[in-house]
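Engineer: Sending over a structure as structure tokens; questions will come in a sec.
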Amino acid sequence: MSSSKAGRLLAAALMFLGAISASAVDVVQAQDTPAKELFGGVTLPTRAAPSPYGSYAKGCIAGAVAIPTDGPTWQAMRLSRNRRWGHPQMIALLERFSQDAAQLGWGSGILIGDISQPRGGPMLSGHASHQVGLDADIWFTPKPAQPLTASQREDMPFTSMLDKSKFLTVDKRRWTNVHAQVVVKAASYPQVERVFVNPAIKKKLCETWTGDRAVLGKIRPIYGHDEHFHIRIRCPEGASGCKPQAPVAPGDGCDQSLAWWFTKEPWAAPKKDPNAKPAPKPRATQLDDLPKACSAILHAKGPGSELEATYQPRGGAMPATSASAFVAPAQAIATPFELPAEVPVPPARPSGL
Ligand SMILES: [Zn+2]
């Protein structure tokens, strides 16, 4: 066969295949799209009674509300991520906490990092949890008196509480008694089940906290979390689709579970068997892996606008200085961008995190 004839035959074959396969490919792609792309592409919540489904690290939420970008005692950060959404109980708690933090002398309130996406679910970058609107990150930097501009909220760097020249040690120049009080305050609310901080911060609290030690037990050591802490509330009353986490063990947690973090084990590279075949890439979470309700939530109709689904603070109107609150772009995360992962993949974890 001449090469030109072979070429013509190949071209014809490709045209034929192209004609029959286009729709099939679409179907296959829709089925194979990782859940993080589906949930990461939705800009508004569902209009429904607030209901989390599944677990903190594998779930979604109906009827989430947004925390306003600006409040008297808070500002939301990194608005382009569109992760200001949560269960109304979470948002109400953040409002209350922001007032309490300001009263403790924490600047003029709190800077709020990621809560959840409008319908929860897995994210394109960052977290394993935050999927059901019951987790929120708070910066270890207080809200300054002067409101941050839109670009400052995007670009302002995080400040680590660790002295990076030492192994797992809090930086004495940065960590203050007010930091300790604010973290313990977060843990003190009855609906808060866990507050995640870096092990060095937990150790510092264990060594220095002179107040109620029982509350310390809710403050759990975890990778990362040296530039923000993470508040997790329990499943709301009556939320039957919400999968609760086992309660923390009694006591202050200043025990073996903390000492483990100061061994080599949590920081060692995973042992490699030189003869082992390379492990297959783990399959991204698919819609089918999430609770059944999440598929309906993903496809349900949303409200007409973000404003309709924004929480109305009990604390009243926002200060006049923040009247020009930054408006998140409509296609907030249409083009996923690389963000540093919040938590490195751990080689092993103790139970009860
Ligand atoms: Zn977090």
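The values are calculated or read from the model by the stated rules, or taken from the named source; none is laboratory data. Since we're looking at a predicted model, the values are computed, not measured. Please note: Cβ atoms are built from the backbone with ideal geometry, for glycine as well, and neighbour counts cover all protein chains shown.
Engineer: Of a type in the set (A, V, I, L, M, F, W, C) and over 20 Å from ASP135 (Cβ atoms) - does that describe any residue in the stretch 227-236?
Structural biologist: There is no residue in the stretch 227-236 that is of a type in the set (A, V, I, L, M, F, W, C) and over 20 Å from ASP135 (Cβ atoms).
Engineer: Let me ask something else about it. Can you tell me which residues in the stretch 186-216 are among the charged types (D, E, K, R) and crowded, with 19+ Cβ neighbours inside 10 Å?
Structural biologist: If the condition is that a residue be among the charged types (D, E, K, R) and crowded, with 19+ Cβ neighbours inside 10 Å, then GLU193, ARG194, LYS202, LYS203, LYS204 are the ones that fit.
Engineer: So ALA239 passes all but one of these: (1) crowded, with 17+ Cβ neighbours inside 10 Å; (2) under 20 Å from the mean Cα position of the chain (by Cα). Which condition number does it fail?
Structural biologist: Condition not satisfied by ALA239: (2).
Engineer: Just need a number here: residues in the stretch 285-315 that are outside any loop (DSSP other than H, G, I, E, B) and within 21 Å of LEU124 (Cα to Cα). It would help to see each step written out before you state the result.
Structural biologist: Filtering the stretch 285-315 for residues outside any loop (DSSP other than H, G, I, E, B) gives 287-289, 293-299, 307-310.
Still in the list and also within 21 Å of LEU124 (Cα to Cα): 287-289, 293-299.
The number of residues fulfilling the criteria is 10.
Engineer: Let me ask you something else. Restricting the search to the stretch 117-144, which residues are more than 12 Å from the ligand (Cβ to nearest atom) and at pLDDT below 95?
Structural biologist: Result: LEU124, SER125.
Engineer: For the stretch 145-181, which positions are within 16 Å of the ligand (Cβ to nearest atom) and among the aliphatic types (A, V, I, L, M)?
Structural biologist: Passing the criteria: only MET161.
Engineer: Given ALA101, ALA49, which one is part of a loop (DSSP other than H, G, I, E, B) and among the aliphatic types (A, V, I, L, M)? Step through it out loud before you land on a result.
Structural biologist: Working: ALA101 fails: part of a loop (DSSP other than H, G, I, E, B).
Of the residues listed, the single one that is part of a loop (DSSP other than H, G, I, E, B) and among the aliphatic types (A, V, I, L, M) is ALA49.
Engineer: Still on this structure, I have one more. Show the residue pairs that are 6+ apart or on different chains and have beta-carbon atoms under 6 Å apart, the first residue being within the stretch 111-122 and without any contact (Cβ under 8 Å) to a residue 60 or more places away in the chain and closer than 16 Å to GLY54 by Cα, the second being within 11 Å of the ligand (Cβ to nearest atom) and assigned to a loop (DSSP other than H, G, I, E, B).
Structural biologist: Filtered contacts from the stretch 111-122: SER116/HIS130.
Engineer: If you go through the stretch 297-311, how many residues are over 19 Å from PRO52 (Cβ atoms) and among the aliphatic types (A, V, I, L, M)?
Structural biologist: 1
Engineer: Taking the residues in the stretch 125-153 that are in a loop (DSSP other than H, G, I, E, B) and touching an Asp or Glu at 6+ places or on another chain (Cβ under 7 Å) as candidates, determine which candidate is surrounded by the fewest Cβ atoms within 10 Å (Cβ to Cβ).
Structural biologist: Residues of the stretch 125-153 in a loop (DSSP other than H, G, I, E, B): 125-134, 140-149.
From what's left, touching an Asp or Glu at 6+ places or on another chain (Cβ under 7 Å): 125-127, 129-130, 140, 147.
Values: SER125: 16, GLY126: 18, HIS127: 20, SER129: 22, HIS130: 28, PHE140: 22, PRO147: 20.
Among them, the one singled out is SER125.
Engineer: LYS202 fails exactly one of the following numbered conditions: (1) part of a helix (DSSP H, G or I); (2) farther than 21 Å from LEU94 by Cα; (3) over 21 Å from the mean Cα position of the chain (by Cα). What is the number of that condition?
Structural biologist: (3)
Engineer: Let me spell it out: the conditions are (1) away from the ligand (no atom under 13 Å from the Cβ); (2) surrounded by fewer than 24 Cβ atoms within 10 Å (Cβ to Cβ); (3) within 17 Å of the chain's Cα centre (by Cα), and ARG84 meets all of them except one. Which number is the exception?
Structural biologist: (2)
Engineer: Now for a separate question. When you scan the stretch 236-282, how many residues do you find that are part of a loop (DSSP other than H, G, I, E, B), closer than 30 Å to SER188 by Cα and touching a residue at least 12 places away in the same chain (Cβ under 8 Å)?
Structural biologist: Residues flagged as part of a loop (DSSP other than H, G, I, E, B), closer than 30 Å to SER188 by Cα and touching a residue at least 12 places away in the same chain (Cβ under 8 Å) within the stretch 236-282 amount to 14.
Engineer: Looking only at the stretch 95-108, which residues are crowded, with 24+ Cβ neighbours inside 10 Å and not aromatic (Phe, Trp, Tyr)?
Structural biologist: Of everything in the stretch 95-108, those that are crowded, with 24+ Cβ neighbours inside 10 Å and not aromatic (Phe, Trp, Tyr) turn out to be SER98, ALA101.
Engineer: Among the residues of the stretch 218-235, which ones are outside any loop (DSSP other than H, G, I, E, B), over 19 Å from PHE97 (Cβ atoms) and out of contact with any Leu (no Cβ under 9 Å at 6 or more places or on another chain)?
Structural biologist: Within the stretch 218-235, no residue meets the criteria.
Engineer: Among the residues of the stretch 104-123, which ones are in a loop (DSSP other than H, G, I, E, B) and within 11 Å of the chain's Cα centre (by Cα)? It would help to see each step written out before you state the result.
Structural biologist: At the first step, the residues of the stretch 104-123 found to be in a loop (DSSP other than H, G, I, E, B) are 104-109, 113-115, 117-123.
GLY113, ASP114, ILE115, GLN117, GLY120, GLY121, PRO122, MET123 - these are the residues of the stretch 104-123 that are in a loop (DSSP other than H, G, I, E, B) and within 11 Å of the chain's Cα centre (by Cα).
Engineer: For ALA92, are the conditions met, namely being hydrophobic (A, V, I, L, M, F, W, C), over 25 Å from PRO303 (Cβ atoms) and either away from the ligand (no atom under 15 Å from the Cβ) or surrounded by fewer than 24 Cβ atoms within 10 Å (Cβ to Cβ) (or both)? Give the steps one after another, and end with the answer.
Structural biologist: Details: hydrophobic (A, V, I, L, M, F, W, C): yes; over 25 Å from PRO303 (Cβ atoms): no; either away from the ligand (no atom under 15 Å from the Cβ) or surrounded by fewer than 24 Cβ atoms within 10 Å (Cβ to Cβ) (or both): yes.
So ALA92 does not fit the description; no.
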